[in-house]
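The values are calculated or read from the model by the stated rules, or taken from the named source; none is laboratory data. Everything numeric here is computed off the predicted structure, so don't read it as measured data. When we count neighbours, we look across all protein chains shown, and the Cβ atoms used for this are built from the backbone with ideal geometry, even at glycine.
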């Protein structure tokens, strides 16, 4: 699959300050959560604009993460970053193994049945205890389909932008 030029992923956000020396508290959307520090540079987006950060490092602290960012040396500078979203280039993620997919690569794909009936597009995915679930929407309907390869999911063609499913279009 060819990555669209400049495609970015939201991987976390700055949610607070830690101490007086300019450290920030992070919420990480990566799994495991410390993985966020391996994907750099970061593009911090806030209401004040965007800035690129290289060389951020951090650690687990209680139930969250604490980070030290270059050129953020005091609590006031850290406080100005609170609320910033942390984005990375999609190209920083490792190539998934065969049969594995990043949710972000599935979002927006067209979903069709094995009979060729278009069910809509993948809006987003949900994690459940048993399996992941695709939320498929069209103009008038929303469907929840289990993302179970070979059972419900017959083919994922990222290049064609399509997921083929064994699903009753009336359900």
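Here are the numbers for the structure shown:
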item: Selection count, region 58-69, where residues are part of a strand (DSSP E or B) and either over 19 Å from the mean Cα position of the chain (by Cα) or loosely packed, with under 11 Cβ neighbours inside 10 Å (or both); result: 7
item: Filter result for the condition that a residue is in contact with a strand residue (DSSP E or B) (Cβ under 7 Å, 6 or more places away or on another chain), surrounded by fewer than 16 Cβ atoms within 10 Å (Cβ to Cβ) and in a loop (DSSP other than H, G, I, E, B), over 55, 83; result: 83
item: Test: residue in region 155-169 that is in contact with a helix residue (DSSP H, G or I) (Cβ under 8 Å, 6 or more places away or on another chain) and either modelled with pLDDT of 95 or more or closer than 30 Å to residue 14 by Cβ (or both); result: yes
item: Subset of region 103-120 (residues that are surrounded by 15 or more Cβ atoms within 10 Å (Cβ to Cβ) and in a loop (DSSP other than H, G, I, E, B)); result: 109
item: Restricting region 22-48 to residues that are modelled with pLDDT under 95 and within 16 Å of residue 72 (Cβ to Cβ), the residue that is surrounded by the most Cβ atoms within 10 Å (Cβ to Cβ); result: 46
item: Tally, over region 86-98, of residues that are touching a strand residue (DSSP E or B) at 6+ places or on another chain (Cβ under 7 Å) and either farther than 20 Å from residue 35 by Cα or part of a loop (DSSP other than H, G, I, E, B) (or both); result: 0
